[in-house]
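One structure below.
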Amino acid sequence: MRKILTLFLTLSFLTGISTSISGSGLDNADSRYPSRQYRRFLLPNQMKVMLISDPTLQHGAASLTVAVGSMSDPVERFGLAHFLEHMLFLGTVK
């Protein structure tokens, strides 16, 4: 039952994302920040991109979200995503 609920929530979320990204263009999607402009588009490699421009700010930032995790684990390697997450941070300064 938990897997079905997780799958349903994931599909609902992805449907919402794909709907918002398919409309490629400039819009003001958030009324709380009227000076911001949002642009959504799809790269040739199927990566979904959203650019946010706010001329009132003096700093910039970048972020990357990768849609992988336990839902992408191979059946024979349960927990692989969690294991690799820990391996990624070995030897790094926190």
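Here are a few things to note about the model shown:
- The set of residues in the stretch 25-83 that are in a helix (DSSP H, G or I) and of a type in the set (Ser, Thr, Tyr) comprises Ser70, Ser72.
- Filter pass, His86 being surrounded by 10 or more Cβ atoms within 10 Å (Cβ to Cβ), part of a helix (DSSP H, G or I) and either of a type outside the set (Asp, Glu) or in contact with a helix residue (DSSP H, G or I) (Cβ under 8 Å, 6 or more places away or on another chain) (or both): no
- The stretch 27-60, subset under 30 Å from Phe83 (Cβ atoms) and among the aliphatic types (A, V, I, L, M), residue surrounded by the fewest Cβ atoms within 10 Å (Cβ to Cβ): Leu43
- Residue match in the stretch 25-42 (condition: modelled with pLDDT of 80 or more and among the hydrophobic types (A, V, I, L, M, F, W, C)): yes
- Among residues of the stretch 56-82 that are within 17 Å of Arg36 (Cα to Cα), those with a beta-carbon under 7 Å from a residue that is assigned to a loop (DSSP other than H, G, I, E, B) at least six positions away or on a different chain give the pairs Thr56/Ser35.
The values are calculated or read from the model by the stated rules, or taken from the named source; none is laboratory data. Every value quoted in this text rests on a predicted model; they were computed, and no experiment measured them. Using ideal geometry, Cβ is built from the backbone for each residue, glycine included, and neighbour counts are taken over all protein chains shown.
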